1. Just checking, how many residues over segment 200-218 are in contact with a helix residue (DSSP H, G or I) (Cβ under 6 Å, 6 or more places away or on another chain), within 20 Å of LEU45 (Cα to Cα) and either modelled with pLDDT of 95 or more or not assigned by TED's automatic domain parsing to the domain that holds VAL187 (or both)?
2. Would you check which residues across segment 179-238 are among the hydroxyl-bearing types (Ser, Thr, Tyr) and crowded, with 16+ Cβ neighbours inside 10 Å and list them?
3. Out of segment 33-70, which residues are within 20 Å of SER88 (Cβ to Cβ), in contact (Cβ under 8 Å) with a residue 24 or more places away in the chain and polar (S, T, N, Q)?
4. Among the residues of segment 82-99, is there at least one that is hydrophobic (A, V, I, L, M, F, W, C), touching an Asp or Glu at 6+ places or on another chain (Cβ under 9 Å) and not assigned by TED's automatic domain parsing to the domain that holds SER216?
5. Between residues in segment 106-131 that are over 17 Å from GLN146 (Cα atoms) and residues that are modelled with pLDDT of 95 or more and aromatic (Phe, Trp, Tyr), which pairs lie under 6 Å by C-beta distance while being six or more apart or on different chains?
6. Picking from MET98, MET130, which residue would you name as being surrounded by 17 or more Cβ atoms within 10 Å (Cβ to Cβ) and in contact with a strand residue (DSSP E or B) (Cβ under 9 Å, 6 or more places away or on another chain)?
7. Hey, LEU80 hits all of (1) closer than 21 Å to PHE6 by Cβ; (2) at pLDDT 95 or above but one; which does it fall short on?
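The values are calculated or read from the model by the stated rules, or taken from the named source; none is laboratory data. Given the structure is predicted, the values throughout are model-derived calculations rather than measurements. Cβ atoms come from the backbone with ideal geometry, glycine included; neighbour counts cover every protein chain shown.
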Amino acid sequence: MVKAVFFDWFNTLAHYDPPREELQSQALREFNINISPVQLLPGILVADREYFEENTVNPVRQRSPEDQAKVFTRYQKTVLEQAGSDISPEPETLLKIMTRVQQLAEKISFVLFDDVLPTLKILKQQNLVMGLLTNLDSDMKPICLQLGLEPYLNFIITSGEVGSDKPHPPIFQGALRQAGVDAAAAVHVGDQYQTDVIGARGVGITPVLLDRYQLSPEVDDCPKISSLTELIEYLDLDVS
């Protein structure tokens, strides 16, 4: 019987406002590359997945500046290739584009997906313990309070607090301790296979992959949902 549900943050509960594809498109225009935000979104999501997978093997923030530059250059190259662009800027230009995107993102904020609060409300009514697990190392309490998540989350665990990112065990083990449940009674919902699915499964927690953008058709070894509302059906909750 499921007693606790843990959630990833980015692209699970929340996304950026303004959307990153708009910032990416703006940055590219400054370098005379015109690609619409709609065209850029798939590439950003693919580049994200590649970045997260690489980060699980060797954390990018722990690498030398030169190696970090290579990672960010590959990120931008993937975005352009996935958008179908036949423009291939030099590595130096790709790095400048990435830097500009990061500058534009300094004032970016988070907003919740429309399905988040309705789903959490139902889970709360079922007396499930709920926690947020994120690889962000900043204090998440103010933003969760601002977005209306505070009444639903029993706890928040960041990688900064435990000194380890997902998919490594400490952040998941910390969630189990906070929830006061065995791993067999917990479910973790996230959008990244390597960090969320592999990480949760590694400590015995049941993983559920949230594939909002249908990026993981090949994944068939774990429960998969396309919206958070589908979690209610997966958990077989009586909401009548």
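1. 1
2. Answer for segment 179-238, where residues must be among the hydroxyl-bearing types (Ser, Thr, Tyr) and crowded, with 16+ Cβ neighbours inside 10 Å: TYR193, THR195, THR206, SER216.
3. Across segment 33-70, the qualifying residue is only GLN39.
4. The answer is yes; a qualifying residue exists.
5. Within 6 Å, the pairs are LYS124/TYR152; MET130/TYR152.
6. When all the criteria are applied, what remains is MET130.
7. (1)
Yes or no, residue by residue, for (1) of a type in the set (Asp, Glu); (2) more than 14 Å from the chain's Cα centre (by Cα); (3) within 20 Å of GLU50 (Cα to Cα); (4) outside any loop (DSSP other than H, G, I, E, B):
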site: LEU176; (1), (2), (3), (4): no, yes, no, yes
site: VAL181; (1), (2), (3), (4): no, yes, no, no
site: ALA184; (1), (2), (3), (4): no, yes, no, yes
site: VAL189; (1), (2), (3), (4): no, no, yes, yes
site: GLY199; (1), (2), (3), (4): no, no, yes, yes
site: GLN214; (1), (2), (3), (4): no, yes, yes, no
site: ASP220; (1), (2), (3), (4): yes, yes, yes, no
site: LEU237; (1), (2), (3), (4): no, yes, no, no
